[in-house]
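The values are calculated or read from the model by the stated rules, or taken from the named source; none is laboratory data. If you're wondering where the values come from, they're calculated on a predicted model, not measured in any experiment. Note that we place each Cβ from the backbone using ideal geometry, even for glycine, and neighbour counts take in every protein chain shown.
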Amino acid sequence: MNGSAEKVHSEVSEYYGTTLEKTEDLKTNACCTGAAPPPHIRAALSKVHPDVIARYYGCGLCVPDELDGLSVLDLGCGSGRDVYLLSQLVGETGRVVGVDMTPTQIEVAREHAAWHATKFGYAAPNTEFVDGKIEDLRACGLADASFDVIVSNCVINLAADKRAVLAEAHRVLREGGELYFSDVYSSRRIPEALVADTVLYGECLSGALYWNDFLHLARSVGFDDPRLVEDAPITINNAALEAKVGNIKFFSATYRLFKMPQVSSAHPDDLTRTRTLTLTLTLTLTLTLTLTLTRTRTPTPTLTRACSSPTARTTGRRSSTRAASRATPRAGASTGTTRWRSNPNPNPNPNPNPNPNPNPNPLP
């Protein structure tokens, strides 16, 4: 899809509002949920109006547990199948809001609101449908921190500005809330020539995010720890479209993105690297300081033999000689005359016994 965001919106809206009239009109299996839902979900889906079911396009099951009494937002709700499923799970005291930019889909959803409230035994509908763009939820009248859970089923890949979608989802979530969604991802970045293909884009393929790009975008808007719930390969099942995409692989995946209190804006990996660097610097500084102190405490030699100045060396040697001479006078020398001796023992005989006879008891 070429051109501006408005062109993308127009072509996607036309594809899902006019080109596709029912699920069977899809040209690939990218927008089809393959896994069988659990029994309680099947029971809830059996209460959804057939006209709503007929216009369902989704690639996964994005229904978290424990929704009773919560406020839930569905991004790209289409004809409202997931909204009416969630309506039963949140109960009469909860509420579900669906946003979609395709007028014909919103009309189908709104048309059956009263029917579903009666079917579920509610005094009034607990659902609301807004015609708008998921990139700009503020324009849809959705306030900050107004939802506990956001779901989306194979729609974010169709958005022209995917970062804006994630940023707006983060804004309207309450702290502790989550974005629980299924979407299509690719094994590499999609070439522009394929992005411009209306059918590939409308079938949720060429608008798919590369895995690593998605993780980067999620963290950049505040979802610091994306959690993968499940994923499965998409086989396309259309020879002509498979030939166009070549070696690019596509996957349907369900993620959970939590809005947690921002204790730190750093990613956990960055914090680990910071702690490691801090520890390394601390150990280095400690070792350096220890070596410095050790050198400082080493006793300084009394003789300055290593002095670089010849004058200092001579002066030091003479001072030492005079001190030694005063301490050791030579025997027989005149009073006041001293001479330095290298041997401190005045007795030249190394034998301390002056008796040359080693036998202490001589014979009579």
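A few points about this structure:
- Qualifying residue in segment 100-116 (condition: under 30 Å from the mean Cα position of the chain (by Cα) and under 17 Å from Tyr180 (Cβ atoms)): no
- Some residue of segment 216-225 being touching a residue at least 60 places away in the same chain (Cβ under 8 Å), surrounded by 13 or more Cβ atoms within 10 Å (Cβ to Cβ) and either of a type in the set (A, V, I, L, M) or on the phi > 0 side of the Ramachandran plot (or both): no
- Selection within segment 143-160 - aliphatic (A, V, I, L, M) and farther than 21 Å from Pro261 by Cα: Val155, Ile156, Leu158, Ala159, Ala160
- Unique residue being modelled with pLDDT under 95 and either of a type outside the set (Val, Ile, Thr) or not assigned by TED's automatic domain parsing to the domain that holds Asp136 (or both) when the list is Gly94, Gly76, Gly69, Gly98: Gly76
- Tyr122 passes every criterion in (1) over 17 Å from Phe181 (Cα atoms); (2) in a loop (DSSP other than H, G, I, E, B); (3) in contact (Cβ under 8 Å) with a residue 60 or more places away in the chain apart from (3).
- Residues located in segment 152-183, provided they are part of a helix (DSSP H, G or I), surrounded by 22 or more Cβ atoms within 10 Å (Cβ to Cβ) and of a type in the set (A, V, I, L, M, F, W, C): Ile156, Leu158, Val165, Leu166, Ala169, Val172
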